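Peer 1: Mind having a look at this structure? Questions to follow.
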Amino acid sequence: MPGHMPAISFQNVGKTYAGARGATRALDDVSFDIEAGEFFGLLGPNGAGKTTLISILAGLARASSGTVKVLGHDVVTDYAAARRSLGIVPQELVFDPFFSVREALRIQSGYFGVRSDKRANDAWIDELLANLGLTDKADSNMRQLSGGMKRRVLVAQALVHRPPVIVLDEPTAGVDVELRQTLWQFVARLNREGHTVLLTTHYLEEAEALCGRLAMLKQGKVVALDRTSALLAGTASTMLRFKMDAALPASLAAQSRVTGRIVQITAHDAHEVETILGVLRAAGCQPEDLEIGRADLEDVFLEIMNGPPRTIEQAKVAV
Amino acid sequence: MSAVNVLSGTSTLLYKEVLRFWKVSFQTVAAPVLTAILYLLIFGHVLEDHVKVFGSVGYTSFLIPGLVMMSVLQNAFANSSSSLIQSKITGNLVFLLVAPLSHWAWFLAYVGASVVRGFVVGAGVMIATVWFAPLHLANPLWIIVFGLAGAAMMGALGLVAGLWAEKFDQIAAFQNFIIMPMTFLSGVFYSVGSLPPFWKAVSHLNPFFYMIDGFRHGFFGVSDVSPWVSLAVVGGSLIVVCGLCLHLLKIGYKIRH
């Protein structure tokens with residue numbers, strides 16, 4: 001489409017790490033675009049390559065092959081414009097122990113050249129502090145803050161230069177419910193106001209609730225890329241959930257997910273549901289609190305991750 | 001990228017690096033000043049009546065510029081190296097890595113802050129020790145030139161060490177096994193001209209000797225070698241170290257994977 005410019009564009013991105021035990025292929029020919037204004041989720045198990053991809057986008061790592069662009073700016077050859085367009089919330093809970101919250105935010109904004117309009121910048125910092133519940137901590141040293149508060153400061157630091165594209169790399173890992181709510185309300189508001197959001201998370205219910213489109217990575221490759229609703233609709237759509245103390249019959253174990261007493265079994269249609277219940281009855285099992293519901297993103301995720309390898313064409317279901 | 005943005009980014013990083021050491025100035029400024037005073041008291045007391053340098057210069061007077069320059073060099077190195085290794089190990093270097101700062105901005109800010117700390121400590125040592133012996137200013141321009149070049153070179157060397165090191169003890173090893181011996185064996189506490197020929201020749205291979213000797217020339221108007229020779233050696237070393245430092249920053253050596 002003429003004049004079309006994705007907010008983020010990954011084209012044939014590969015990354016190989018050289019190690020003592022030979023080369024490790026962390027990313028293999030990753031290609032997809034994220035459109036301006038999207039709330040996009042990047043999912044995958046540990047080691048799938050999510051953080052490597054984010055690191056290349058942020059300039060923390062360099063791709064072995066391929067190109068990455070932010071609003072048309074190449075992250076290597078036009079890095080200054082690309083980084084100015086990006087706000088990155090890193091996964092690690094890092095902070096500079098020498099400074100207060102306000103000092104850290106002023107310094108971070110200065111790196112991006114926005115200190116020249118000091119009054120407007122200070123007003124934006126005040127707004128960020130208020131929106132993230134940090135106003136009363138503004139003059140506290142970073143060392144004095146709890147983990148949750150430090151996480152909020154990381155979000156504020158990522159937004160302090162008003163980037164149009166926001167990248168959140170597992171921002172809710174290990175944080176309490178209150179912060180999650182505050183953070184998601186704020187990020188959702190920014191997305192409504194036109195910011196593009198790229199989120200990586202292990203909390204799939206968050207991705208399902210927030211992200212309009214998703215990509216899933218497995219062993220450095222894109223194995224799914226579609227709208228969240230299409231991914232949910234295009235897979236096993238029925239899920240049996242029940243509690244049980246006895247062991248599952250062996251014939252059901254392969255298609256089941258067991259968490260303590262809770263058993264979840266995917267079924268593709270009503271006939272398969274009847275078959276499963278029949279097997280349970282025949283084995284003398286007595287399921288409690290039986291529910292039949294729609295599959296959620298976690299089920300889709302597990303099905304894709306445990307399924308056979310897909311080609312890029314199969315992964316790009318609706319691109 | 002506009003010039004205002006570039007200037008703002010560089011000046012912000014410089015400001016942050018200066019603020020960082022100033023917030024812990026008891027450790028970064030007061031402690032090295034006290035160390036220099038102790039050197040002066042002990043060595044000056046022991047040797048003042050026994051040693052004359054350059055014919056008529058008293059030992060304590062001779063020692064003061066050497067201690068000032070040694071403090072400038074060691075603290076300039078410590079500033080950039082410790083800041084960078086701390087940021088690497090604690091992970092907060094990410095705040096700089098995601099910013100639109102060029103390798104020149106990193107270089108100017110880190111080296112600039114090292115020069116500032118070197119000069120602050122050097123001025124502190126000078127103010128604290130100048131009362132112990134008469135001191136002249138034969139040629140202040142040499143003092144400024146060698147002070148600036150020496151501090152900048154050590155700031156850049158500290159940056160190289162900070163980029164290379166992956167652990168605190170590697171920086172400590174760099175400091176204790178390279179910087180400290182080279183500064184102590186550069187003629188801070190003695191005139192290299194008084195050494196036997198072999199050790200005199202060895203001292204002439206040490207670039208730190210030329211920094212100290214040129215700096216001292218600014219006070220007394222005499223030195224072991226011509227200040228122009230010292231300027232050529234220090235200038236050449238400065239260019240090599242700065243070139244290496246800028247190259248490592250540009251390729252993201254050990255900071256961008």
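Every read-out reported here was derived from the displayed coordinates using simple, explicitly stated rules and does not represent laboratory data. Just so it is clear, the model here is predicted, and its values are computed rather than measured. No Cβ is skipped: glycine too gets one built from the backbone with ideal geometry, and neighbour counts run over all protein chains shown.
Peer 1: What do you get for trypsin sites (Lys or Arg not before Pro) in the range A:220-272 restricted to DSSP loop and a cutoff of at most 16 other Cβ within 10 Å of the site's Cβ?
Peer 2: When the trypsin sites (Lys or Arg not before Pro) of the range A:220-272 are filtered for loop state and at most 16 Cβ neighbours within 10 Å, A:Arg261 remain.
Peer 1: If I model a spin label as a point 7 Å beyond the Cα along the Cα-Cβ vector, how far apart are those points for A:Glu193 and A:Ala138 in nm?
Peer 2: Here the answer is 1.7 nm between the modelled labels.
Peer 1: If you don't mind, another one. So if each residue of separation counts as 0.36 nm, and I subtract the Cα-Cα distance between A:Leu93 and A:Ala230, what length gain in nm does that give?
Peer 2: 45.9 nm
Peer 1: For chain B, what is the calculated [θ] at 222 nm in deg cm²/dmol (nearest 500), taking -39500 (n - 2.57) for each run of four or more DSSP H residues and dividing by its residue count?
Peer 2: Taken over chain B, the calculation gives -24000 deg cm²/dmol.
Peer 1: What stretch of chain A, leaving out the sites themselves, is the longest with no GluC sites (Glu not before Pro) in a DSSP loop having at most 16 other Cβ atoms within 10 Å?
Peer 2: In short, A:194-319.
Peer 1: B:His247 to A:Ala283: FRET efficiency via 1/(1 + (r/R0)^6), r the Cβ-Cβ distance, R0 60 Å, to the nearest 0.05?
Peer 2: The calculated FRET efficiency here is 0.30.
Peer 1: So what J values fall out for the range A:121-135 if you push phi through Karplus, 6.51 cos²θ - 1.76 cosθ + 1.60 with θ = phi - 60°, rounded to Hz, Gly and Pro as x?
Peer 2: Going residue by residue, I get 5, 5, 5, 5, 4, 4, 5, 4, 4, 5, 5, 9, x, 10, 4 Hz, with x marking Gly and Pro.
Peer 1: Let me make sure I get this right: for chain A, a, b and c are the square roots of the gyration tensor eigenvalues over alpha carbons, sorted descending. Under 1.5 in a/c it's rounded, otherwise prolate if a/b > b/c, else oblate. Which is it?
Peer 2: It comes out prolate by the Cα gyration axes.
Peer 1: Net charge around A:Val101, counting only other residues with Cβ within less than 12 Å of its Cβ (Lys, Arg = +1; Asp, Glu = -1)?
Peer 2: The answer is +1.
Peer 1: Answer with one residue from A:Phe39, A:Ile88, A:Leu214: the one whose Cα lies farthest towards the positive end of the charge dipole of the protein assembly as shown, charges on Cβ with Lys, Arg +1 and Asp, Glu -1.
Peer 2: A:Ile88
Peer 1: What nm distance separates the two modelled labels at A:Ala36 and B:Ile144, each placed 7 Å from Cα along Cα→Cβ?
Peer 2: That separation, rounded to one decimal, is 5.2 nm.
Peer 1: Output the Cα-based Rg and Dmax of the range B:3-251 in Å, rounding Rg to one decimal and Dmax to a whole number.
Peer 2: 18.3, 59
Peer 1: Check which residues have an amide H placed less than 5 Å from A:Gly87's amide H, if you skip close sequence neighbours.
Peer 2: Counting only residues 5 or more places away or on other chains, the set is A:Val165, A:Ile166, A:Val167.
Peer 1: State to the nearest 20 debye the size of the charge dipole of the protein assembly as shown about its Cα centre, where the only charges are +1 on K and R beta carbons and -1 on D and E beta carbons.
Peer 2: For the protein assembly as shown, the charge dipole is close to 1300 debye.
Peer 1: Could you quote the convex hull projected area for the range A:236-294, Cα atoms only and averaged over all directions, in nm²?
Peer 2: Across all orientations, the range A:236-294 yields a mean hull projection of 3.6 nm².
Peer 1: Right, another one. For the range B:182-257, report the convex hull volume of the alpha-carbon atoms normalised per residue, in Å³, without decimals.
Peer 2: Convex hull of Cα atoms, per residue: 108 Å³.
Peer 1: Counting only C-alpha contacts under 8 Å and six or more residues apart, can you give the relative contact order of the range B:108-232 as a whole percent?
Peer 2: It comes to 34 percent, rounded to a whole number.
Peer 1: Run the dipole for the range A:8-232 about the Cα centre, Lys and Arg Cβ at +1, Asp and Glu Cβ at -1, nothing else charged, and hand back the magnitude in debye, nearest 20.
Peer 2: Dipole of the range A:8-232, to the nearest 20 debye: 460 debye.
Peer 1: Okay, moving on. Select from the range A:1-54 those trypsin sites (Lys or Arg not before Pro) which occupy a DSSP coil region and have at most 15 other Cβ atoms within 10 Å, ordered by residue number.
Peer 2: A:Arg21
Peer 1: Can you give me the C-alpha center-to-center distance between the range A:73-97 and the range B:154-205, rounded to a whole angstrom?
Peer 2: So the two Cα centres are separated by 37 Å.
Peer 1: Now, a different point. Provide the FRET efficiency to the nearest 0.05 for the A:Glu298-B:Ala31 pair, computing r from the beta carbons and using R0 = 51 Å.
Peer 2: 0.35
Peer 1: In nm, what is the difference between 0.36 nm times the number of residues separating A:Ala246 and A:Asn12 and their Cα-Cα distance?
Peer 2: Value of the extension gain: 79.4 nm.
Peer 1: Please report the base-10 log of the normalised intensity I(q)/I(0) for the protein assembly as shown, using a Debye sum with one equal scatterer per alpha carbon and no solvent, at each q in 0.05, 0.10, 0.13 (1/Å).
Peer 2: Normalising to I(0) and taking log10 leaves -0.32, -0.90, -1.24.
Peer 1: Measure off 7 Å from each Cα along the Cα-to-Cβ vector at B:Val222 and A:Thr77, then give the distance between these two points in nanometres to one decimal.
Peer 2: Between B:Val222 and A:Thr77, the simple spin-label model gives 6.3 nm.
Peer 1: Mind checking the dipole of chain B: about its Cα centre, +1 per Lys or Arg Cβ, -1 per Asp or Glu Cβ, Debye to the nearest 20?
Peer 2: Rounded to the nearest 20 debye, it is 640 debye.
Peer 1: Assuming R0 = 30 Å, can you tell me the calculated FRET efficiency for the pair B:Ile178 and B:Val130, based on Cβ-Cβ distance, to the nearest 0.05?
Peer 2: Efficiency, rounded to the nearest 0.05: 0.50.
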